[in-house]
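See below for the structure under consideration.
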């Protein structure tokens, strides 16, 4: 299938427009990384505490931020989590202590910040632990069990927790939901309101990543990217000529800089999945560049007396239909992932959307002009034009 027949676009004639475009976005991203938002590492890399909170109603992120600010939790990162219908948010706190204390600290801070109009002397059942519920039942003994109380009330407390967390997804909307619930005795359901009330939220889970682990992950991510670039340089230098490897590495560096710069400009967290997407894009961009390079090499054998710029232009035009077909289909796939994949995949899909656009563009507008620029430089210096590229090895 071909979209274009006998197309003849002067891509190299527009190289200065391409250069201006790349410079604008590269410099903007670089300035953001150096002076504005810096590199917005996610909790995987910088360390911190993640608190997953479920609400009984659609959460208002601005109201949550205001509540946390009043409680002294400055500049938390708050974002909707999972499907909107689940009413869940993910709160990123800058609490980096790697201990059980940090887990309790993060949970307690969120609960204290979001609790409103709590009745004096009562405990929030939506955030009460299994042990707190059991201890209350043991003291109250609503079933009048006497010596057999421990085992029975353990089962009753577990039934309440299962109803809240497994059946209702983490939040009870009414204490009346305990009545007739599986495993909950009517006497227990009647006694619970005496000591418990319901807030409109529940802390589902708390996760911590220590700063030392985050630092190690940053180092490993950087090394993975560096090794991929070096491997690409060696492969293309062996497969074609060394200038082809240099051109491909410069192109991929350009793609990575713009992609990371876009994350910095939008202040979107760079997580482990984003790094995986960037490494995927390095391979994708490299593959697209090799297709153009391979056609250049074939045409050099057939068009020995023509200028290199004409050969490169002809090669890009000949592969343009293939480029648009493959890149377009891939782009539509990742765009659907970005639009419908939810918040969990938002960073990953955003990196792919940006990277595919920039990677396709750079194969035409960056990689090929580097070859011509190097050839022109050699001619200006009075050196023999490079073998472009001779034979395949």
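Within the range 46-91, can you find the residues that are out of contact with any strand residue (DSSP E or B) (no Cβ under 7 Å at 6 or more places or on another chain), within 28 Å of residue 220 (Cβ to Cβ) and touching a residue at least 24 places away in the same chain (Cβ under 8 Å)? The one that is out of contact with any strand residue (DSSP E or B) (no Cβ under 7 Å at 6 or more places or on another chain), within 28 Å of residue 220 (Cβ to Cβ) and touching a residue at least 24 places away in the same chain (Cβ under 8 Å): 46.
Only a single item in (1) assigned to a helix (DSSP H, G or I); (2) out of contact with any helix residue (DSSP H, G or I) (no Cβ under 7 Å at 6 or more places or on another chain); (3) closer than 29 Å to residue 215 by Cβ is not met by residue 277, and it is number (2).
Condition check for residue 63 on (1) loosely packed, with under 12 Cβ neighbours inside 10 Å; (2) at pLDDT below 85; (3) part of a helix (DSSP H, G or I): one failure, at (2).
Here is a yes/no grid of residues against (1) modelled with pLDDT under 95; (2) out of contact with any helix residue (DSSP H, G or I) (no Cβ under 7 Å at 6 or more places or on another chain); (3) part of a helix (DSSP H, G or I):
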{"position": "116", "(1), (2), (3)": "yes, yes, no"}
{"position": "120", "(1), (2), (3)": "yes, yes, no"}
{"position": "143", "(1), (2), (3)": "yes, no, no"}
{"position": "149", "(1), (2), (3)": "yes, no, yes"}
{"position": "152", "(1), (2), (3)": "yes, yes, yes"}
{"position": "158", "(1), (2), (3)": "no, no, yes"}
{"position": "166", "(1), (2), (3)": "yes, yes, yes"}
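Looking at residue 221, is it in the same structural domain as residue 158 (by TED's automatic domain parsing) and either buried (at least 17 other Cβ atoms within 10 Å of the Cβ) or not in a strand (DSSP E or B) (or both)? Taking the combined requirement at face value, the residue does not satisfy it. Just one residue in the set 270, 282 is within 24 Å of residue 364 (Cβ to Cβ) and modelled with pLDDT of 85 or more; that residue is 282.
Within the range 15-28, at least one residue is surrounded by 12 or more Cβ atoms within 10 Å (Cβ to Cβ) and farther than 16 Å from residue 358 by Cβ. Scanning the range 280-296 for residues that are surrounded by 19 or more Cβ atoms within 10 Å (Cβ to Cβ) and farther than 21 Å from residue 15 by Cα gives 281, 282, 284. Would you call residue 358 at pLDDT 90 or above, within 30 Å of residue 263 (Cα to Cα) and crowded, with 17+ Cβ neighbours inside 10 Å? So residue 358 fits the description; yes. Could we say that residue 247 is surrounded by fewer than 19 Cβ atoms within 10 Å (Cβ to Cβ) and assigned by TED's automatic domain parsing to the domain that holds residue 300 here? No; evaluated as a whole, the condition is false for this residue.
For (1) over 13 Å from residue 11 (Cα atoms); (2) in contact (Cβ under 8 Å) with a residue 12 or more places away in the chain; (3) part of a helix (DSSP H, G or I), each residue gets a yes or a no:
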| position | (1), (2), (3) |
| --- | --- |
| 300 | yes, yes, yes |
| 304 | yes, no, no |
| 315 | no, yes, yes |
| 318 | no, yes, yes |
| 324 | yes, yes, yes |
| 328 | yes, no, yes |
| 331 | yes, yes, yes |
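Only residues that are touching a strand residue (DSSP E or B) at 6+ places or on another chain (Cβ under 9 Å) and assigned to a helix (DSSP H, G or I) were counted in the range 333-367, giving 5.
The values are calculated or read from the model by the stated rules, or taken from the named source; none is laboratory data. Every value quoted in this text rests on a predicted model; they were computed, and no experiment measured them. Note that each Cβ is placed from the backbone with ideal geometry, even for glycine, and that neighbours are counted across all protein chains shown.
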